[in-house]
Each structure stands twice: as structure tokens, then as C-alpha cells.
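What follows is a short report on a single structure.
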Amino acid sequence: MSAKHVAVLMGGFSSERPVSLSSGEACAAALEGEGYRVTRVDVGRDVSAVLSALRPDVAFNALHGPFGEDGTIQGVLEYLEIPYTHSGILASSLAMDKIQAKRVAAAVGIPVAPSRLLNRHEIGHQHPLPPPYVIKPVREGSSFGIVIVKEDQSHPPQIVSSPEWRYGDLVMAERYVAGRELTCGVIGAGEEARPLGVTEIVPLGHAFYDYESKYVKGGSQHILPAQILPEIYQTVQELAVAAHRAIGCRGASRSDFRLDDGEGGTGELIWLEVNTQPGMTPTSLLPEIAAHAGMPFGKFLSWLVEDASCLR
């Protein structure tokens, strides 16, 4: 029997292109090591024609950001009837929209921080929420465009309404939640979805887990398993699975949380978002979590390939 042909979709044209190229190359090399026949596809506007000519058995989605994780490429793959990894059209689009994802999560009892949807041009000189708060682009990943507004700031950050802003006109203002940054992986779908481990992320030299903390060597420390109370660890896992199921994720996802359990903290645990296309290098958070759960990188990727389907 010939080896399964896997097209690894990488690169693309979002702000996260460099991250996707890194993820895609790591996945392609590891899948070749597992015995698959791999074609690397640097995704452009002609991706439909390229894939129609290739006719792979599976498309491994290693794209990040708009087009790659917002339901668009998933729709292309459904139209071409090429089985693909990770979440389908609806879940991808929903998870990418931070406001809509929070509404769905809150509806099933997942704790979220109060927030407002705003057009960046309407923010003006009045704070949309009492400081401290965070402004986030509604449909971006990798912490692009995130601005933390501190208590002593007299007006909203001017960068958000400036011509230099590159992240769309819709933004979310969300109450800032102090504390520790936690993340939890989930694999599977529906009632079969199960949690993996919980990692604490400690940014080094940065105020929060921003782009450089994520992707620059030495930018952050990953503590796996997170050193938190066992009952909180279990709650994080339960909430991550609940979000994965409510939004309709498949394959693998990663939910992010804030835990304010320090001295003088409120003790609250807040769900921030679910990532349907997490970074996929061997040292990225989700592959680290999977390896800790007994799924080394190559085996984890093989599981995703064998899980691939249409109508996700």
C-alpha cells in the first residue's frame, strides 16, 4: 500500500505568515519521518488550482491567522472534497471572532471577562471601560494588535485610531484580568474530546504573552504541568473541553486562561479564547502538551492526519 499523500498548507498571506512557515516546515519534516509522502504548499491566491492539480489524500492545515483559521481555507477544502485537519468552517470562523466565541462560551457557563465591541474610530478620548482594560483586534491571532491600558492612563491609546493600525476596524475592549497565564490542549470532537495537560506561560522581559514572547527564543518559560492547585488544574481542563465542544472544534485546540491567584488576587479563573490553529513546531505549546501526555511530535501529527475528514 502506498504512503498517504499529505499536502502541508503553510505560509499564506496573513500577518502570521512567518509563524506558519515555521509550523509548516516542522510538520512536513516530522510527517516525512512518520512515512507519509509530503508536499509543501506555500498558500497563495491560487491554492484551489494548486490543490486540484495535486489531489492529496489529506491537507494538513498549518496556516495561522485570517484565511487559514477563519473558515476560508476550510471552505475551499470542503469544495474540493479534500479531507483536512483541525476544525471545520463554522468552528474556525466562530473561534476566530473573539466576541462571538466569548458569547458562545458564556452561554454554556464558561467564565469570561466583561467586554465591548467597538469600531476603533469611535473610541475617541473617553475610555470604553474603566481602566485597566485590554484592546484586542476582533479577528487576529498571535497577540497582534493587543494593547493593555493601565489604570493611570488618562485616555485610550492613540495607536488604535491612527492610520498605522493594521488589524481591522472592529476591536474588543475587555476588562484586564491580572494573574497567571495558563493554556490547555484538547483533542478529539464532541463527547470524545478529551483534555491534555495545562501549561503556565511566564513571559520573560515582557508585560504579557505577546508576539515576541511567543516566537523569539527565550521570550517565555513554559511550566508543564502548571504548578497550581489540583482542583484548579482539573477545572481548567474541564473548561477547555467545554469551550472546544461548545464552539464545535475538532482535531486539536488550545484554550487560554488567566488565573488571579496571587497575593491579594481575586482568585478568579477567566477563559480568554480558543485557538483552533495553534503553533505547531516541536517546542510550541500544544505539541509540548501533547508530548507530555504521551504523544511525541510525529505521533501527534500522525493522529491529526488520520483524524482528517471533510464535513468537520
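The values are calculated or read from the model by the stated rules, or taken from the named source; none is laboratory data. Everything numeric in this text was worked out from a predicted model, so none of it was measured. For neighbour counting, all protein chains shown are included, and Cβ atoms are generated from backbone atoms with ideal geometry for every residue, glycine included. To get the accessible areas, we keep the full protein, side chains included, count just its heavy atoms, and leave off ligands, DNA and RNA. Shrake-Rupley method; radii C 1.70, N 1.55, O 1.52, S 1.80 Å.
Across segment 119-136, the qualifying residues are those that are touching a strand residue (DSSP E or B) at 6+ places or on another chain (Cβ under 7 Å) and farther than 19 Å from residue 177 by Cβ, and the one among them that is most open to solvent (accessible area, probe 1.4 Å) is 119. Note on segment 291-311: residues that are open to solvent by 10 Å² or more (accessible area, probe 1.4 Å) and among the aliphatic types (A, V, I, L, M) amount to 5.
Considering only residues that are assigned to a helix (DSSP H, G or I) and hydroxyl-bearing (Ser, Thr, Tyr), look in segment 1-57 and name the one that is surrounded by the most Cβ atoms within 10 Å (Cβ to Cβ).
Of all residues in segment 1-57, those assigned to a helix (DSSP H, G or I) come to 17-33, 47-54.
Next cut, hydroxyl-bearing (Ser, Thr, Tyr) only: 20, 22-23, 48, 52.
Details: 20: 28, 22: 19, 23: 25, 48: 13, 52: 12.
The residue in question is 20.
Looking at segment 261-312 only, could you name the residues that are out of contact with any Gly (no Cβ under 9 Å at 6 or more places or on another chain), in a helix (DSSP H, G or I) and of a type in the set (Val, Ile, Thr)? Across segment 261-312, the qualifying residue is only 305. For the structure I just gave you, tell me whether residue 266 is β-branched (Val, Ile, Thr), surrounded by fewer than 17 Cβ atoms within 10 Å (Cβ to Cβ) and within 30 Å of residue 3 (Cα to Cα). For residue 266, the condition - β-branched (Val, Ile, Thr), surrounded by fewer than 17 Cβ atoms within 10 Å (Cβ to Cβ) and within 30 Å of residue 3 (Cα to Cα) - is not met. Consider residue 179 carefully, then state whether it is small (Gly, Ala, Ser) and at pLDDT below 90. Here the answer is no, as residue 179 does not meet what is asked.
Being under 16 Å from the mean Cα position of the chain (by Cα), acidic (Asp, Glu) and over 18 Å from residue 281 (Cα atoms) is the filter here, so list the residues in segment 12-65 that pass it. Listed by number, the list is empty, since nothing qualifies. Among the criteria (1) outside the structural domain of residue 187 (by the TED database); (2) closer than 23 Å to residue 251 by Cα, the one residue 98 does not fulfil is (1).
Where strands (runs of 3 or more DSSP E) fall wholly inside segment 60-179, the ranges with 1 or more residues that are without any contact (Cβ under 8 Å) to a residue 24 or more places away in the chain are 147-149.
Among the residues of segment 161-184 satisfying the criterion of being farther than 27 Å from residue 260 by Cα and surrounded by 13 or more Cβ atoms within 10 Å (Cβ to Cβ), which is nearest to the chain's Cα centre (by Cα)? Ranking the candidates gives 167 first. Of all positions in segment 247-264, at least one carries a residue that is more than 19 Å from residue 85 (Cα to Cα), among the small types (Gly, Ala, Ser) and modelled with pLDDT under 95.
Among the residues of segment 272-290, at least one is surrounded by fewer than 24 Cβ atoms within 10 Å (Cβ to Cβ) and more than 30 Å from residue 32 (Cβ to Cβ).
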